[in-house]
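See below for the structure under consideration.
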Amino acid sequence: MKIALIGYGKMGKAIEEIALSKGHQIVLKITSSNIDEFTTAAIKNADVAIEFTNPHSAINNLKKCLQAGVPVICGSTGWLNQWNGIEAFCQQHNGTLLFASNFSIGVNLFFELNIFLAKLMSNHTNYNILMEEIHHTQKKDAPSGTAITLAEQILQHVTTKENWVNHATQNADELEIISKRIDAVTGTHSIKYTSAIDEIEITHKAFNRTGFAAGAILAAEYIKDKKGIITMKEVLGFKNF
């Protein structure tokens, strides 16, 4: 499979390493220093594009790939307020798009566990919920895209919470997310249900970027010959779970 890497930072390099080990070919690497090479002709040489940049450039990057007819995977976060427009753009161009706030197989298992626990806890209103996410100091967005996904999942099933906030709160209807930035922490997400008598906690800790990169390659292999909006649930067989 021929892969274009749109964004060649630490994640892009981790993806490249795994892709090459699996016999795939990297035909394009785009960074801020060679953005002029990101042309329609160049992107069309790829079977699939993997986009890991930032919320400011992700939209245009996705559109360029979709216009070229190249399936694209996106791991950039912080731009989902524009999701409806990108979804429509993908459909308009009969394209293929997979966005995930986190490509790690372990994190996607954690997403399913989070949903299951939220459903179990939905009738136990004596528990308050607190979320915490910790990342390295280079991470620009807060809360993390993964934390937002987890929070939105909880809000779908726990009726005592109306919205999430990214700070400490005394409002019972707000889901509190505390974001911390600490050197050398790849990513930790914790969810606590606390009552006056006990506490239930689930946590996912990433030790390195390998899990994220491996999941991105798995997703790329899956979407290569497909059309439409695809999710990691489909990639991992969780769609009807």
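What follows draws every value from the coordinates through simple rules; no lab data is involved. Computed from a predicted model, the values in this text were never measured in an experiment. All Cβ positions, even for glycine, are placed from backbone atoms using ideal geometry, and neighbour counts span all protein chains on display.
Please compute the length gained on full extension between LYS224 and THR40, using 0.36 nm multiplied by the number of residues separating them and subtracting their Cα-Cα distance.
On the way: separation 184, 0.36 × 184 = 66.24 nm, distance 1.79 nm.
Answer, rounded to one decimal: 64.5 nm.
Find the Rg to Rh ratio for region 159-214, where Rh is the Kirkwood radius over alpha-carbon pairs and Rg uses the same atoms.
Working: Rg = 14.4 Å, Rh = 13.7 Å.
Using only Cα positions, Rg/Rh for region 159-214 is 1.05.
Using the Kirkwood radius over Cα pairs, work out the Stokes-Einstein diffusion coefficient for region 105-206 at 25 °C and 0.890 mPa s, in µm²/s as a whole number. Walk me through the intermediate numbers first.
Details: Rh = 13.8 Å.
Result for D is 178 µm²/s.
Report for the chain the percent antiparallel among DSSP-assigned beta bridges with both residues inside it, nearest 5.
Working: 15 of 42 bridges.
Here the share of antiparallel DSSP bridges comes out near 35 percent.
At 25 °C and 0.890 mPa s, grab the translational diffusion coefficient of the chain from Stokes-Einstein with a Kirkwood Rh over Cα pairs, rounded to a whole number in µm² per second.
Values: Rh = 18.8 Å.
In µm²/s, the coefficient is 131.
So how do ARG181, ARG209 line up by other beta-carbon neighbours within 10 Å, fewest first? Spell out each step's value before the answer.
Numbers: ARG181 14, ARG209 19.
Ascending number of Cβ neighbours within 10 Å: ARG181, ARG209.
Given H placed on each backbone N at 1.01 Å, which residues far from LYS29 in sequence or on other chains put an amide H within less than 5 Å of it?
Amide H neighbours of LYS29, under 5 Å, 5+ apart: LEU5.
Per DSSP H run of n ≥ 4, the term is -39500 (n - 2.57); total these for the chain, divide by its residue number, and report the mean residue ellipticity at 222 nm rounded to 500 deg cm²/dmol. Could the numbers behind the result be given before it?
Values: 8 runs with 84 residues, N = 241.
For the chain, the value works out to -10500 deg cm²/dmol.
Across region 41-53, in residue order, what do the Karplus-derived ³J(HN,Hα) couplings come to in whole Hz, using 6.51 cos²θ - 1.76 cosθ + 1.60 with θ = phi - 60° and x for Gly and Pro?
With coefficients 6.51, -1.76 and 1.60, one gets 4, 5, 5, 5, 6, 9, 7, 7, 10, 10, 10, 10, 10 Hz.
Would you mind pulling out the separation of the Cα centroids of region 1-28 and region 132-167, in Å?
Result: 29 Å between the Cα centres.
Could you put ILE30, ILE6 in order, starting from the residue whose Cβ has the fewest other Cβ atoms within 10 Å?
Numbers: ILE30 25, ILE6 28.
If I rank by nearby Cβ atoms, fewest first, I get ILE30, ILE6.
Which residues in region 97-115 place their backbone N less than 15 Å from a point set 7 Å from the Cα of ALA184 along the Cα-to-Cβ direction?
Under cut-off, by backbone N: nothing.
Convex hull volume of the Cα atoms in region 14-57, per residue, in Å³? All intermediate terms of the calculation are to be shown ahead of the outcome.
Numbers: hull volume 3.8 nm³, N = 44.
In region 14-57, the Cα convex hull volume per residue is 87 Å³.
Pull up all non-local amide H partners of ILE178: gap of 5 or more, or a different chain, and H-to-H distance under 5 Å with H placed in the peptide plane.
Amide H neighbours of ILE178, under 5 Å, 5+ apart: MET131, GLU132, GLU133.
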